[in-house]
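J.: Dropping a structure here in structure tokens format, bear with me for questions.
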Amino acid sequence: MENNSLTPYTPEVEEAPDYEAWLKKSLIRVTDVIPIPPICIEIIIDDTKYTFGTLGNFSLLIGKAKAGKTFALSLLLSCALVSGTPFQKLLKANFPTDKKTILYFDTEQSKYHVHKVLKRICTLSGIPEPTNIIVYSLRGYTPAERLELVQFALLYHSPNVGLAVIDGIRDLITSINDEAQACNITSKLLKWTEDYNIHIITVLHQNKNDPNARGHLGTELTNKGETTISVCKSTENKDLMILTAESCRDKEFEPFAFQIDDTGLPTILADYIKPESTSKTKKITRPFEIAPETHKAILKDIFSVQPEMIRSELKRCTIANLSRYLSCDVGENRADTWITHWLQFKHVITTGTPGTKACKYSINSTEITNSTELT
């Protein structure tokens with residue numbers, strides 16, 4: 001591995017914004033020739049190519065605790081190390097020759113376990129000592145310090161970086177449900193990927209009771225990211241881990257699976273076939289995929305008869321109205337997801353002590369009337 005000794009970091013003194021220069025840089029003319037963002041990682045299934053990530057964008061990998069997120073990352077990083085060559089039949093990376101450096105930031109694991117992941121990546125890629133992957137364990141720092149370190153490392157190793165991974169994006173902020181922090185870190189990802197022309201893979205946990213990415217941060221990353229994929233253990237075979245496209249700007253790929261072999265390495269199953277669903281119900285749409293007008297209509301219907309209600313009443317009304325609007329069966333867990341979404345974005349407000357029968361829910365009339373976008 002490279003022995004990178006970093007020079008002391010001195011934060012730059014901020015100057016007054018040059019708005020005129022910013023506008024000139026941001027201007028888009030109809031006569032401009034803007035190239036298609038280069039595809040840096042793609043998934044190949046039955047000879048059909050699907051875009052996972054392009055330079056200048058970021059993606060999100062989500063999953064429950066211990067669902068196999070780090071193993072999935074190992075596959076993606078190994079694929080990036082052998083850029084230009086198909087990896088385990090289904091993956092292929094295509095990084096320019098001058099952008100083959102990979103930065104991997106881990107915020108959760110001990111140095112021993114991060115080193116273990118690095119050795120796994122080396123074994124998977126077939127490169128015993130790659131010189132173009134640089135791994136940092138940021139567990140011992142505060143969220144603010146981690147953010148500064150990531151920002152400095154991207155600048156320090158530029159312009160050779162093509163891919164960066166932040167395994168534990170949540171640990172760069174103090175609260176996963178703080179709207180300002182979620183917006184700030186997402187804006188930084190957008191800026192970094194554009195300024196350095198790189199792809200960044202972020203990793204975040206899913207909620208315990210539903211498949212959504214956690215908190216305001218998860219909503220922001222899902223909305224602004226190029227690709228969101230989930231990893232989960234198969235319900236039919238606990239030895240299999242399934243990678244599924246949750247949302248993609250490009251065409252969504254069919255789910256594919258990997259398993260851990262006898263040597264502890266993840267191996268993609270090229271012949272995996274998704275089990276046929278026995279349910280005739282449609283896929284339930286997630287809150288952020290619904291048009292603002294639909295959110296307004298659902299909420300107005302829910303509170304039209306009873307303007308204030310306790311949690312159990314709100315859940316019952318939500319199930320009834322969602323089932324009608326989405327034309328499918330909606331269970332209690334899904335209703336809770338939508339209620340949480342409305343609370344997070346202040347479309348529904350509460351009075352009284354949360355978690356008690358004294359807590360009452362009502363529609364935020366000001367928000368519903370004035371908001372131009374509820375999602």
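J.: Exactly one of these conditions fails for ILE349: (1) at pLDDT 85 or above; (2) assigned to a helix (DSSP H, G or I); (3) closer than 23 Å to ASN212 by Cα. Give me its number.
T.: With respect to (1) at pLDDT 85 or above; (2) assigned to a helix (DSSP H, G or I); (3) closer than 23 Å to ASN212 by Cα, ILE349 is out only on (2).
J.: What pairs come up if the first residue lies in the stretch 1-30 and is farther than 19 Å from LEU149 by Cα, the second is loosely packed, with under 10 Cβ neighbours inside 10 Å and modelled with pLDDT of 60 or more, and their beta carbons are under 9 Å apart, counting only those six or more places apart or on different chains?
T.: Cβ pairs passing all conditions: MET1/GLU129; ILE28/ILE34.
J.: Which members of the stretch 11-43 meet the condition of being within 21 Å of GLY162 (Cα to Cα) and among the β-branched types (Val, Ile, Thr)?
T.: Passing the criteria: ILE34, ILE36, ILE39, ILE41, ILE43.
J.: From TYR156, TYR112, which residue is without any contact (Cβ under 8 Å) to a residue 40 or more places away in the chain, in a helix (DSSP H, G or I) and among the aromatic types (Phe, Trp, Tyr)?
T.: On inspection, the qualifying residue turns out to be TYR112.
J.: Please report, ordered by residue number, the strands (runs of 3 or more DSSP E) entirely within the stretch 165-254 with at least 1 residues that are out of contact with any Asp or Glu (no Cβ under 7 Å at 6 or more places or on another chain) and on the phi > 0 side of the Ramachandran plot.
T.: none
J.: Follow-up. Any idea which of (1) out of contact with any His (no Cβ under 6 Å at 6 or more places or on another chain); (2) of a type in the set (A, V, I, L, M); (3) crowded, with 17+ Cβ neighbours inside 10 Å; (4) modelled with pLDDT of 95 or more is the one LEU190 doesn't satisfy?
T.: Single failed check for LEU190: (3).
J.: Identify, from the list ASP171, ASP178, ASP250, the residue that is modelled with pLDDT under 90 and open to solvent by 10 Å² or more (accessible area, probe 1.4 Å).
T.: ASP250
J.: Residues of the stretch 61-76 being part of a helix (DSSP H, G or I) and of a type in the set (D, E, K, R), which ones?
T.: Matches in the stretch 61-76: LYS69 only.
The values are calculated or read from the model by the stated rules, or taken from the named source; none is laboratory data. In this text, all values refer to a predicted model and were calculated from it rather than measured experimentally. We place every Cβ from the backbone using ideal geometry, glycine too, and count neighbours over all the protein chains shown. With ligands, DNA and RNA removed, areas are computed over all heavy atoms of the protein, side chains included. Shrake-Rupley method; radii C 1.70, N 1.55, O 1.52, S 1.80 Å.
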